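Chemist: This is the structure I have questions about; it appears just below.
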Amino acid sequence: MPLSAPDAATRPLEQLALIRNGFVPRQLSHDPFGEVRGLQMRDLAGEAGPDWSRLISPRVGTEAARHELRDGDVVVNLRGAMRAWRISAPPPRVIVVGQLTIVTPHAGVLDPDYLCWRLNHRDTHTSLRAFAKGTSLSFVPMADLRRLEIEIPPLPIQRSIGRAAALARSEQRLQQQLSLARRTLVDCQLLRATRAR
């Protein structure tokens, strides 16, 4: 599905969502008594989404509130391999830390699951790669993300696409788990066979 289909209604992302940077401290250090926790890139590995148990408590000032995560936010990595994650029911007082971008879709206009699927689509990656800067580690400027044209079908269709994409991701995760379980079972059987008398 090309991003610039002539009959598709498109609008720049900045008209469909609030877009803001993560909190970038001068030095990231853990505050053992801190009540705010920070979500970093390392906490977003894989398809499963954030690992809330690993979050540190960064030292932050009063400006931390503007970086706080809400249910339905989409966190985007614009450095290196671009990737987006849909945030569901984050714990209280979690902020985004580092070179990540927070996209909060406008309610009733843009479905977060649809947006996450759209941002992870290869057509979107192709479009944004044209704006990438840097040589050793490429990055897409936030201004170009703001200008990215997003197709906006009616909300019920967006929700259907978002649900279908989420189910496809779940199926892929389950297949990977099943494959690992099969390999483990075969290894155990082979090991048992080598010890049989």
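The numbers here are math on the coordinates, done by the rules we state, and not lab data. Just so we're clear, the structure is a prediction, and the values are computed from it rather than from any experiment. So basically every Cβ, Gly included, is an ideal-geometry build from the backbone, and we count neighbours across all protein chains shown.
Chemist: Would you mind working out the magnitude of the charge dipole of the range 93-145 relative to its Cα centre, with +1 at each Lys and Arg C-beta and -1 at each Asp and Glu C-beta, to the nearest 20 Debye? Write down the numbers at each step before the final one.
Modeler: Details: 5 positive and 4 negative charges, 37 e Å.
Roughly 180 debye for the range 93-145.
Chemist: In whole percent, what relative contact order does the range 10-195 give with Cα contacts below 8 Å and a gap of six or more residues? Please report the intermediate quantities before stating the final value.
Modeler: Details: 294 pairs, mean separation 46.5, N = 186.
25 percent.
Chemist: Among the DSSP beta bridges whose two residues both lie in the chain, what percent are antiparallel, rounded to the nearest 5? Numbers along the way, then the final one.
Modeler: Values: 21 of 25 bridges.
Rounded to the nearest five, the antiparallel share is 85 percent.
Chemist: What do the square roots of 5 times the Cα gyration tensor eigenvalues come to for the range 65-197, in whole Å, largest first, as semi-axes of the equivalent ellipsoid? If you can, show how the numbers build up before the last one.
Modeler: Numbers: eigenvalues 261, 78, 56 Å².
Semi-axes (√(5λ), whole Å): 36, 20, 17.
Chemist: Sum -39500 (n - 2.57) across every DSSP H segment of at least 4 residues in the chain, then divide by the residue count to get the 222 nm mean residue ellipticity, nearest 500.
Modeler: Working: 4 runs with 64 residues, N = 197.
Helix-only estimate at 222 nm: -11000 deg cm²/dmol.
Chemist: I've got another one for you. Of the options 157, 189, 45, report the single residue whose Cα projects farthest towards the positive end of the charge dipole of the chain (beta-carbon charges: Lys, Arg +1; Asp, Glu -1).
Modeler: Going by the charge dipole, the pick is 189.
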